[in-house]
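Trainee: Starting off with a structure, shown below.
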Amino acid sequence: MRDAMSVIDDIKANVDIVDLINSMGVGLRRSGRSFVGFCPFHPNTRTPAFHVYPDTQSFYCFGCHASGTVFDFVMRKQGLDFKGALELLAERAGIRLEPKNDAQRQEDARRARLLEINGVATRYFNYVLLNLGRGEPGREYIAKRGINRDAIDAFQIGYSLDDWHHLFTYLHEKKGYSVEDIIAAGLAIPSERGPYDRFRNRIIFPIRNIRGEVIGFGGRALGDAQPKYLNTPETPLFKKSEVLYGLDLARDAIRSDNRVIIVEGYVDVITAHQYGFRNVVAPLGTALSKAHINQLKRLTDQVYLALDADAAGQKATLRGLETIRTTTEEEGEGRLVTTAQGIVRLENDVTIRIIRLPAGRDPDEVIATDPQLWQTLVDNATPVMDFYLEAYTANLNMHDPVEQRLALERIIPLLSELDGAAQRVYVARVEQLTGVRSELLVDLLRARIQPPRRNERHRSIRSSSPPPAPPPTPPPIDERRRDTEAYLLALALRYPSVEMAIERLLESYASRYPAIGDIFGAGIEDLLEEPLHQAIWQAYLATPLELRPTDTESLQAWIATLGEPLSSEAGKLLTILARRPDDVRYRHEAEQCARILRKAQVMARIHRYKERLNELTDEEELQRVLQHIRDLSMYAEQITRPRQSSTFPD
């Protein structure tokens, strides 16, 4: 079996980062020893902020601070997970990944057949809509909704005839696909009299994954058929609760605008794109799920929900927010935390705002009749905390003690998650809304046991912040650093308390130099720079708390669930622990690893800044860089300084 880490090293050696980034739409030009261009991850059109360093095969943006290797770039640019990036880069490098077993090869072949069938069906539905006389009902509906030809082509919209067997006959008899595969694709329904078409007399909206592959269909009934909207059933390709309609077309706009707008329906998405609002997507009749959030957070940290003004719309939004809340709590993805701006933020740094629509109007109607109004509604979106306060006090009599108590039971848990000044602001607002004195509200808050807070990462860099630093660590990573990373990761996987210990250690360093600490972060994930290590740790964080390993046996079982190449690499971590079986000093050793890794990150930045000094001509900028080097040096000095004992403070 080929070593997974060597595969990654081979990919890095065979994929030139400059060529890769150029081929993915970022025009780079040489500037000294590096290449520069406009950043693909944030609005950047005036001064190129995106730097690529051929000598270290890394990139860094001085505007949004995106940085990393070819793996990081592909994951961010394409919205892929580590496995997807690995497969894409391996293919580009001409490197063969570990051969698959028979079952995996059969499953891959089956998926390929279903994708092919969906592609043929998409072209069939589109042809019927545009060319057949019997497609007139579909054309009338499309014209009525104001959808133009460019949008029809972009979204591959089609129409299914009011016929029980037309599509099945076409796929089976003319194209030669098997009955089993047509049924497996969800396009036909089996019966005693033979298969018949699932979609009949419906406008067809092909549903694509983020790579643009058609994985299913949505059908809108034109007659009295029920349900009004019908989706492909669950198939090997299609999981309704994991798909966002339009994401493949919205991906680049979401990234460049740094926000995504969630609407309800297919036509809402299509109309938005038709009028130039290309960062709009929709779930398929479900509330936002963990899978949706995980896809979106690779592209943006700003999620906007378009809310109908009526009571039903408000209730639907509350259900969606509660789904996010309960899902993230139950599955270990982090709880909702309210920031000082009143925006509820998942611990994975996804913020949520609410777009309030005019009464009785859907997004597509607002956009088509008044695009500027839509833009204003988006710009004035409501922080979620404000939405909660309004929703949880609506239709309640605040002069009635019973209803006052009901409101407080809903609101106090949210207030308890606020920090500092934000809590005082909202306590005052709740006092105005409910008539309950702020002193009593504070007492109620103190009575609540507040869960521990994790360090907020990826904060906005203010204008007074130090000059942005270059890429944190130049690959290839040396063997000593890689071994240190591996040992820290092994300890963190084996001993759950290590994660919190490392966060406390790094936060203690950041407390004296907050601006420096914000740049580096305070989690184990901020110390890991080997892509495989990062992927293993992310898989661990995604595991529900109750299912995380607590001993060697459960760790072995968890590793077996990862799949290649993660399981092979994670398995090696167990051998590291076997060679170092000291259970008593594991926290001390983990902290020592963290010190070594953080010190290396800081020194690499200092080195990069010193290199940059030679290129600077502006005196003010020169002084800022020199000051930042001094700050980094002071930050690095405390890392090697012995920590003060809590037992003997003197």
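Trainee: Starting from the Cα of Asp150, step 7 Å along the direction of its Cβ; do the same at Thr169; then give the gap between the two resulting points in nm.
Mentor: Those two pseudo-labels are separated by 3.9 nm.
Trainee: Amide H of Thr382: which non-local residues (sequence gap of 5 or more, or other chain) have their own amide H closer than 5 Å, using H built in the peptide plane?
Mentor: Ile354, Ile355, Arg356
Trainee: Using a cut-off of under 17 Å, list every residue of region 518-532 whose amide N is near the label point 7 Å from the Cα of Glu637 along the Cα-to-beta-carbon line.
Mentor: none
Trainee: Per-residue HN-Hα couplings for region 14-30, Karplus 6.51 cos²θ - 1.76 cosθ + 1.60 at θ = phi - 60°, whole Hz, x for Gly and Pro?
Mentor: 9, 10, 6, 5, 5, 4, 4, 5, 4, 6, 9, x, 9, x, 9, 10, 6
Trainee: Continuing with this model, one more query. With θ set to phi - 60°, apply the Karplus curve 6.51 cos²θ - 1.76 cosθ + 1.60 along region 402-409 and write out the HN-Hα couplings as whole Hz, x wherever there is a Gly or Pro.
Mentor: 5, 6, 4, 5, 4, 4, 5, 4
Trainee: Rounded to the nearest 0.05, what FRET efficiency do Glu98 and Ser554 give with R0 = 30 Å and r taken as the Cβ-Cβ distance? Could you check?
Mentor: Step by step, r from the Cβ atoms, then E = 0.75.
Trainee: Cross-link partners among lysines for Lys240, C-alpha distance below 21 Å, same-chain residues fewer than 8 apart left out?
Mentor: Within the straight-line limit of under 21 Å, Lys240 reaches these lysines: Lys228, Lys290, Lys297.
Trainee: What are the residues whose amide H is under 5 Å from the amide H of Gly68, where those residues sit 5 or more places off or on another chain and H is modelled from the backbone?
Mentor: Phe59
Trainee: Taking H placed 1.01 Å from N in the peptide plane, check which residues at least 5 places from Asn231 or on another chain put their amide H under 5 Å from its amide H.
Mentor: Sorted by chain and number, the residues that satisfy this are Gly219.
Trainee: Would you check the accessible area of Asp379, probe 1.4 Å, heavy atoms only, in square angstrom rounded to 10?
Mentor: 90 Å²
Trainee: For Val267, what charge total do you get from the other residues with a beta carbon under 10 Å from its beta carbon, if Lys and Arg give +1 and Asp and Glu give -1?
Mentor: That works out to -3.
Trainee: Next question. Residues with beta-carbon under 14 Å from that of Ile536, excluding Ile536: net charge, scoring Lys, Arg +1 and Asp, Glu -1?
Mentor: Local charge sum for Ile536: -3.
Trainee: Give, in nm to one decimal, the length gained when the segment between Asp483 and Asp10 is fully stretched (0.36 nm per residue of separation minus the Cα-Cα distance).
Mentor: The span from Asp483 to Asp10 would gain 168.4 nm if fully extended.
Trainee: Please turn the phi angles of region 438-444 into ³J(HN,Hα) values with the Karplus equation 6.51 cos²θ - 1.76 cosθ + 1.60 (θ = phi - 60°), one per residue in order, whole Hz, x for glycine and proline.
Mentor: 4, 4, 5, 4, 5, 4, 5
Trainee: Between Asp386 and Arg111, what is the spin-label point distance in nm, taking each point 7 Å from the Cα along the Cα→C-beta axis?
Mentor: Label-label distance for Asp386 and Arg111, simple model: 4.4 nm.
Trainee: Sticking with this one: Let me have the relative contact order for region 103-211, percent, based on Cα pairs under 8 Å that are six or more residues apart.
Mentor: In percent, rounded to a whole number, it is 30.
The values are calculated or read from the model by the stated rules, or taken from the named source; none is laboratory data. Quantities reported herein were computed from a predicted structural model and do not represent experimental measurements. Every residue, glycine among them, receives a Cβ derived from its backbone with ideal geometry; neighbour counts consider all protein chains shown. For the accessible areas, the whole protein counts, side chains as well, though only heavy atoms, and no ligand, DNA or RNA atoms are used. Shrake-Rupley method; radii C 1.70, N 1.55, O 1.52, S 1.80 Å.
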